[in-house]
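Here is the structure we will look at, set down as structure tokens.
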Amino acid sequence: DWDAYLMTISTHQRHEVKRKGRRLDEAGNLVFDIKPPQNVEFELTALIRLLRISRQDKAEFMTPDMEVFFRDLAAAMHRAGWLRFGHIKLDDDIIASVMCFDYNDTRYLYNSGYEPMRAGLSVGLLSKVYSIKDAIDQKMRKYDFLKGAEVYKYHLGGQEIPVSRVRIELSGGK
């Protein structure tokens, strides 16, 4: 459950998650939801806009070719029934968005973006926190941040899992 999860992160991070959540709650009419999209195009366009404006490195990453890749990936994941978009809405404005895949009792966090004018409310981090809480509420067994060494992943309890590539070649008669 949520309280058990919070006990897995450091005392400092647990305090920060709670403090930042309270501060965001006090900022206005707050709603977080994460669900299969009714309109993939709308949801993806909102995510890509927030991704591009949230950080310079993400803006550089989101080239036109990468946007096509995201759109193709979202369409395929939606057809499979795995695609989820989560939003933090403040006074009806989407200020943070996450794109996730729910598969086999695991939520996979694929990418996210947020409104930089709301960075002081920690909406980028809290969009992931609320996604984790929802995954727990949905009785998922695992939350996977996927590849990348972003600091927030470690703060929220993420642990690296070694990924290896093995190539086995058979030679000779056996």
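For residues that are open to solvent by less than 10 Å² (accessible area, probe 1.4 Å) and either closer than 11 Å to Ala46 by Cβ or not hydrophobic (A, V, I, L, M, F, W, C) (or both), scanning just region 88-97, find the one that is nearest to the chain's Cα centre (by Cα). By that ranking, first place goes to Ser97. Looking at region 134-157, which of its residues are small (Gly, Ala, Ser) and at pLDDT below 80? Result: Gly148, Ala149, Gly157.
Among the numbered conditions (1) surrounded by 14 or more Cβ atoms within 10 Å (Cβ to Cβ); (2) touching a strand residue (DSSP E or B) at 6+ places or on another chain (Cβ under 8 Å), the only one that Asp33 does not meet is (1).
Here Phe32 meets each of (1) assigned to a strand (DSSP E or B); (2) without any contact (Cβ under 8 Å) to a residue 40 or more places away in the chain with one exception, condition (2). Among the residues here, Tyr110 qualifies as open to solvent by 20 Å² or more (accessible area, probe 1.4 Å), among the aromatic types (Phe, Trp, Tyr), touching a residue at least 12 places away in the same chain (Cβ under 8 Å) and within 19 Å of Ile53 (Cα to Cα). Of all residues in region 15-29, those that are surrounded by 13 or more Cβ atoms within 10 Å (Cβ to Cβ) and free of Cβ contacts under 8 Å to residues at least 24 places away in the same chain total 0. Only one of the numbered conditions (1) outside any helix (DSSP H, G or I); (2) over 20 Å from Ile95 (Cβ atoms); (3) over 19 Å from the mean Cα position of the chain (by Cα) is violated by Ala4, and that is (1). Does Asp134 count as in a helix (DSSP H, G or I) and closer than 22 Å to His78 by Cα? It is true that Asp134 is in a helix (DSSP H, G or I) and closer than 22 Å to His78 by Cα. Of the residues Met62, Met99, the single one that is of a type outside the set (S, T, N, Q) and in contact (Cβ under 8 Å) with a residue 40 or more places away in the chain is Met99.
Across region 128-171, what is the total count of residues that are in contact with an Asp or Glu (Cβ under 6 Å, 6 or more places away or on another chain) and open to solvent by less than 100 Å² (accessible area, probe 1.4 Å)?
Pass one, region 128-171, residues in contact with an Asp or Glu (Cβ under 6 Å, 6 or more places away or on another chain): 140-141.
Of the ones still in play, those that are also open to solvent by less than 100 Å² (accessible area, probe 1.4 Å) are 140.
Residues that pass the stated criteria total 1.
For region 36-54, a residue qualifies if it is farther than 17 Å from Phe69 by Cβ, open to solvent by 30 Å² or more (accessible area, probe 1.4 Å) and in contact (Cβ under 8 Å) with a residue 24 or more places away in the chain, and the qualifying residues are Pro36, Ile53. The residue pairs whose first member lies in region 156-167 and is free of Cβ contacts under 8 Å to residues at least 40 places away in the same chain and within 23 Å of Trp2 (Cβ to Cβ), whose second member is of a type in the set (Ser, Thr, Tyr) and open to solvent by less than 100 Å² (accessible area, probe 1.4 Å), and whose beta carbons are closer than 9 Å, counting only pairs six or more residues apart or on different chains, are Gly158/Tyr143; Gly158/Tyr152. Residues in region 66-88 that are under 26 Å from Leu30 (Cβ atoms) and touching a Leu at 6+ places or on another chain (Cβ under 7 Å): Ala74, Phe85, Ile88. Annotation note: of Val40, Val98, Val17, Val68, the sole residue that is more than 19 Å from Ser127 (Cβ to Cβ) and aliphatic (A, V, I, L, M) is Val68.
The values are calculated or read from the model by the stated rules, or taken from the named source; none is laboratory data. Quick caveat, the model's predicted, so the values are computed rather than measured. Methodologically, a virtual Cβ is constructed for each residue, glycine included, from the backbone with ideal geometry; neighbour enumeration extends over all protein chains shown. Surface areas here come from the heavy atoms of the whole protein model, side chains and all, with no ligands, DNA or RNA. Shrake-Rupley method; radii C 1.70, N 1.55, O 1.52, S 1.80 Å.
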